[in-house]
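Step one of this worksheet: look at the structure below.
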Amino acid sequence: MSFRFHRSIPNLSIFHNARSPHSERILHLLRSSLSNPYLPRAVAAARLEAEQSGASTTQKLPKRPLEFNLDISTTPPTPDQYTTMLDYLRAQPLSPSLSSPPTISRFLVKHSESVGGVEELSALAAKKPESVRWPVVVHWDDGLVAIEKEEDVHNILEVIYQNANGGKGQQQDWLS
């Protein structure tokens with residue numbers, strides 16, 4: 001007798017600003033990963049390299065879209081949501097481009113007015129959306145946050161892909 005633990009569908013939010021080209025592009029990426037088969041970037045690169053060298057690829061991968069709940073919010077995050085996101089960012093490994101732990105300034109564009117806390121940040125985002133980086137994508141279940149960078153959103157999608165397929169480089173038969 002075997003037991004399987006039920007995996008819940010991941011919950012993502014995008015705090016979206018339609019005036020931001022970054023936000024539009026990332027919203028399209030998220031919607032596309034829900035409606036088209038998703039192939040991780042590393043696998044896609046390996047397949048392309050194999051095709052160019054004339055080798056065949058025999059690795060069987062699921063050919064289906066990712067499955068996650070996507071909440072599209074056109075309003076700025078609340079102070080509580082910003083607090084949670086900051087906690088998530090502080091728990092994430094530092095990216096090579098950052099030299100210090102994340103602070104509220106990660107959400108602000110250069111030369112925007114400074115804010116004293118998450119309440120002021122939320123108010124600034126509502127009053128002057130051009131002062132804040134858009135979009136913000138949050139994977140609430142795994143505590144991941146991507147601010148404005150498409151690369152970071154791809155990383156979130158790859159985590160969802162890996163979790164759905166039994167971990168990195170593995171595939172569960174019952175998922176195919």
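Yes/no per residue for (1) surrounded by 15 or more Cβ atoms within 10 Å (Cβ to Cβ); (2) modelled with pLDDT under 95; (3) in contact with an Asp or Glu (Cβ under 9 Å, 6 or more places away or on another chain):
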site	(1), (2), (3)
Ile14	yes, no, yes
Ser23	yes, no, yes
Leu27	yes, no, no
Val43	yes, yes, no
Ser56	no, yes, no
Asn69	no, no, no
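Of the residues that sit in segment 108-156 and are surrounded by 14 or more Cβ atoms within 10 Å (Cβ to Cβ) and of a type in the set (S, T, N, Q), which one is farthest from Pro79 (Cα to Cα)?
Asn155
Looking at Ala125, Ala164, which one is hydrophobic (A, V, I, L, M, F, W, C) and at pLDDT 90 or above?
None of the others qualify; the one that does is Ala125.
The values are calculated or read from the model by the stated rules, or taken from the named source; none is laboratory data. Since this is a predicted model, take the numbers as computed values, not measurements. Virtual Cβ from ideal backbone geometry, glycine too; neighbours counted across all protein chains shown.
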